[in-house]
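Notes follow the structure.
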Amino acid sequence: MKDLFHNFYTGKKVFITGHTGFKGSWLCLLLHKLGADVYGYALEPPTNPSLFIEAGIDELITSTIGDVRDYDFLLKTLQAFQPEIIIHLAAQPLVRESYKNPRETYEINVMGTVNLLDAARQVNSLKAILNVTTDKCYENDERHSGYRESDPMGGYDPYSNSKGCSELVTSSFKNSYFNSNNYQSHGVALASARAGNVIGGGDWASDRLIPDIFRAIVKGEKVRIRNPYAVRPWQHVLEPLTGYLALCEKLYTEGSVFAEGWNFGPEDNDAQNVEWITLKICELWSKNVQYVVDKSTQPYEATYLKLDCSKAKAKLGWHPRWNLETSLQLIVDWNKAYQVKSDMRQVCFQQIDKFYL
């Protein structure tokens, strides 16, 4: 597996914010397998249960509980570790939660990014920074073609808008402090990554489709879905993580050439609607599982969203490996393994190995 990244990550010092979350936990497991020296900085796991706890990730990496809004502690932690690569995942990641708590969403997603990038300016060991945002950062006009990296930032709801703001902060810091024209003097390459709807085993977030489906299944209840015809670019969590790591390698080795925004999403035919996903998971789990559409008034969310990932394919050589049906089967397998109290770290490692075969 290490050959995929030419053993690049062996011994590399990688600092991850948001490492206790679903996506961050998978990234820690992946980097551990690649031989990296990983340091995580985040709040306590956001859910109970959590992949971070179930897979015993704190036994594999150095973990510090901290808030990206705490600039002084963040700076102190970065300076003590002296990372070569920073991957910024810490965020308030939920649209519906952002409607309930907009101020906290902006504090974490915007000022958290400001704090991280400003602290990074004072880390002499640093070579590459990747800010991970979302496909929702684009100004959504309900087009059926994929959004490209050059499209304008926007966002209707506080979450989406805060991530558009995070992209603008990244652009400003890149222009002001990590300018590609001055790369020889500062030696740091800064980029951003926008992924689709990331799915996988170990996600227990509230108000997120697939975790909601499994919660209902385990309780023996009908699955309740909102916005059944909303289309999203679904992809297994290992897909964008592979893209992030490929991009970070390029930022480290080739610097300013790759210091841009990048999309990582599925193939066009894997952009499916909510009802299709629900039916497929119910079919894979048990033919007895049923669902019902929640017809109560819901907060606004975009109906159609798709990414154009031709840039990552052409310039990074990155391509999706698993189609949507394969991804959903592996998520069902993961959740069934959890129900029988399997060793979830090993289940994750087995799926990582399968992904890179």
Checklist outcome for this item: Final fewest-first order of 180, 50 on the 10 Å Cβ neighbour count is 180, 50
Checklist entry - Using 13 Å as the cut-off for backbone N distance, which residues of the stretch 295-315 belong to the label zone defined by a point 7 Å from the Cα of residue 143 along Cα→Cβ? => result 305-309
Checklist outcome for this item: The rounded separation in angstrom of the Cα centers of the stretch 254-304 and the stretch 62-82 is 34 Å
Item to check | the stretch 12-355 - Debye-derived log10 I(q)/I(0), Cα point model, q = 0.09, 0.10, 0.14 Å⁻¹ | outcome: -0.45, -0.56, -1.16
Next on the checklist: Where in the chain is the longest stretch that carries no trypsin sites (Lys or Arg not before Pro) classed as loop by DSSP and with at most 13 other Cβ atoms within 10 Å?
Outcome noted: 1-142
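Which value results when the Cα radius of gyration for the stretch 243-357 is divided by 2.2 N^0.38 Å? It would help to have the intermediate numbers written out before the result.
Numbers: Rg = 18.2 Å, N = 115, 2.2 N^0.38 = 13.4 Å.
Rg over 2.2 N^0.38 Å, computed on Cα atoms: 1.36.
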Item to check | Cβ-based exposure ranking for 53, 129, in which fewest neighbours within 10 Å come first | outcome: 53, 129
Checklist outcome for this item: Rounded to the nearest 0.05, FRET efficiency between residue 343 and residue 65 (Cβ-Cβ, R0 25 Å) equals 0.50
Item to check | Relative contact order of the stretch 115-250, defined on C-alpha pairs under 8 angstrom at six or more residues apart (%) | outcome: 25 percent
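In the structure shown, do any of 12/336; 13/33; 136/336 have a Cα-Cα gap over 23 Å, and if so which?
Values: 12/336 35 Å; 13/33 14 Å; 136/336 31 Å.
Distance filter (> 23 Å) returns 12/336; 136/336.
Once every DSSP H run of n ≥ 4 in the chain is given -39500 (n - 2.57) and the sum is divided by its residues, what mean residue ellipticity at 222 nm do you get, rounded to the nearest 500 deg cm²/dmol? Each step should come with its number before you reach the end.
Values: 14 runs with 145 residues, N = 357.
When only DSSP H runs of four or more count, the value is -12000 deg cm²/dmol.
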Checklist entry - Once amide H atoms are placed 1.01 Å from N in the peptide plane, what residues at a sequence separation of 5 or more from residue 307, or on another chain, have their amide H within under 5 Å of its amide H? => result 147
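Which semi-axes, in whole Å and largest first, does the equivalent ellipsoid of the stretch 90-143 have when worked out from the alpha carbon gyration tensor as the square roots of 5 times its eigenvalues?
Details: eigenvalues 135, 48, 12 Å².
Over the Cα atoms of the stretch 90-143, the ellipsoid semi-axes are 26, 15, 8 Å.
With a ≥ b ≥ c taken as the square roots of the eigenvalues of the C-alpha gyration tensor of the stretch 203-242, please select rounded if a/c is under 1.5 and otherwise prolate if a/b is larger than b/c or oblate if it is not?
Numbers: a/c = 2.96, a/b = 1.50, b/c = 1.97.
Oblate.
Rounded to the nearest 0.05, what FRET efficiency do residue 182 and residue 288 give with R0 = 56 Å and r taken as the Cβ-Cβ distance? Could you check?
On the way: r = 62 Å, r/R0 = 1.11.
With R0 = 56 Å, the Cβ-Cβ based efficiency is 0.35.
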Checklist entry - If we count other beta carbons within 10 Å of each Cβ, what is the order of 236, 32, fewest first? => result 32, 236
Item to check | Antiparallel content of DSSP bridges confined to the stretch 12-355, in %, to 5 | outcome: 10 percent
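Values in this text are rule-based calculations from the coordinates and carry no lab data. Since the model is a prediction, treat every value here as computed from it, not as a measurement. Positions of Cβ are generated from backbone atoms using ideal geometry, with glycine treated the same way; all protein chains shown enter the neighbour counts.
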